[in-house]
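Please read the structure below before turning to the comments.
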Amino acid sequence: MPNGGFCKLPGGSVVVAIGLPSPARDGASVRFLVHAANRARALTRLRNLGLRAVYLRGNSEPPTPDEITAVLHHPDGLLWRSAPGAAQELWHPVRTLPKEPAA
């Protein structure tokens with residue numbers, strides 16, 4: 001089960017943070033941040049990227065204030081970062097997400 005959570009903002013929108021296995025299938029973990037009108041739309045945005053089995057059950061690891069600020073200031077409202085514990089790595093736009101290796 002993916003670890004993650006959400007935070008409802010004063011304007012009614014939500015920021016969802018969720019940790020998933022890397023789409024590159026290299027065994028790494030990736031933390032995604034999504035800003036959307038509601039939780040269902042945030043998860044749909046991730047599913048549209050090809051991450052089909054994305055579900056958020058519970059609120060075990062909600063986004064931190066720094067993560068909320070990062071996603072709110074990005075024009076796409078969808079960011080990722082590998083190794084969630086490494087504060088040295090910057091957030092990346094979703095278009096730079098590594099793809100699954102060709103078979």
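Each value in this text was obtained by applying a stated rule to the coordinates, not by laboratory testing. What you are looking at is a predicted structure, and each value in this text was computed from that prediction instead of being measured. Reconstructed Cβ throughout: ideal geometry from the backbone, glycine too, with neighbour counts over all protein chains shown.
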Query raised in the report: Among 50-57, 68-75, 30-37, what's the highest-first ranking by average C-beta atoms within 10 angstrom per residue?
Result: 30-37, 68-75, 50-57
**Report entry** Average projected area [Cα convex hull, the chain], square nanometres
**Finding:** 6.6 nm²
Report summary line: CD proxy, 222 nm, the chain: helix-only mean residue ellipticity via -39,500 (n - 2.57) per DSSP H run with n ≥ 4, per residue, nearest 500, stands at -4500 deg cm²/dmol
Report task. Could you check the simple spin-label distance between HIS73 and LEU90, using points 7 Å along Cα→Cβ, in nm with one decimal? Result -> 1.1 nm
Report task. Tell me the label-point distance for the pair ALA40, SER13, using the 7 Å Cα-to-Cβ offset, in nm and rounded to one decimal. Result -> 1.9 nm
Requested in this report: From the C-alpha gyration tensor of region 1-52, pull out the three semi-axes of the equivalent ellipsoid (sqrt of 5λ each), sorted largest to smallest, in whole Å.
Outcome: 22, 11, 7
